[in-house]
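Data first, discussion second: the structure below is written as structure tokens.
The values are calculated or read from the model by the stated rules, or taken from the named source; none is laboratory data. Being a predicted model, the structure only gives us computed values, none of them experimental. With ideal geometry, Cβ positions are generated from the backbone for all residues, glycine too; neighbour counts draw on all protein chains shown.
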Amino acid sequence: MFNETYELLEKTTARYKNNIGVYFPPTSEVEQFVQEKGINAFYESVDNRKTCCYLRKVIPLNRALSGAKAWVTGLRAEQSDNRQDMPMIEWLEDRQMYKFNPLIRWSYDEMLDYINQHNVPYNQLHDQGFISIGCAPCTRAIEPGEEARAGRWWWETSKKECGLHVAGR
């Protein structure tokens, strides 16, 4: 992760006086993936990248959501074509929980206005052109005129999702 992401965790915890759970990927599975595929295997194929995302993001999220009745996200429809038809509230049968996307119809500017009006901590990388932020090797700042998620997995032409949010799930 970017250091700015860890700084945001600290700022958010301090601002809201609430301990935020941190979940890590399974060490043995990440080690096996790296030993078998290589340290930068995610650059070599979409399948390798999706496996890396699954190990480092999906498995920890599944542990974090275990036993939860609801999942609140920060998804916004304008972030990608894959998110255009996502509802604000959906029932996830496989997880037996509700997924709540309260920002799904917000624009980037509306989000920034809210952050500024309410002094919400945010990742400082946003100020440097990083509109969608993930793992450090898989994220870059976008250029003017590029789509919001152009900086994610920029070497791919895939639908640029990691597997956390599947449309029509």
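Here are the numbers for the structure shown:
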{"quantity": "The stretch 113-147 - residue that is charged (D, E, K, R), under 18 Å from the mean Cα position of the chain (by Cα) and assigned to a loop (DSSP other than H, G, I, E, B) and, of those, nearest to residue 57 (Cα to Cα)", "calculated": "140"}
{"quantity": "Test set (1) among the aliphatic types (A, V, I, L, M); (2) assigned to a helix (DSSP H, G or I); (3) under 20 Å from residue 104 (Cα atoms) - residue 86 fails condition number", "calculated": "(2)"}
{"quantity": "Residue ID - nearest to residue 100 (Cα to Cα), chosen from residues in the stretch 34-57 that are of a type in the set (A, V, I, L, M) and modelled with pLDDT of 95 or more", "calculated": "55"}
{"quantity": "Boolean, residue 99 is surrounded by 15 or more Cβ atoms within 10 Å (Cβ to Cβ) and in contact with an Asp or Glu (Cβ under 8 Å, 6 or more places away or on another chain)", "calculated": "yes"}
{"quantity": "Options 29, 4: the member that is at pLDDT 95 or above and either over 17 Å from residue 136 (Cβ atoms) or in contact with a Lys or Arg (Cβ under 6 Å, 6 or more places away or on another chain) (or both)", "calculated": "29"}
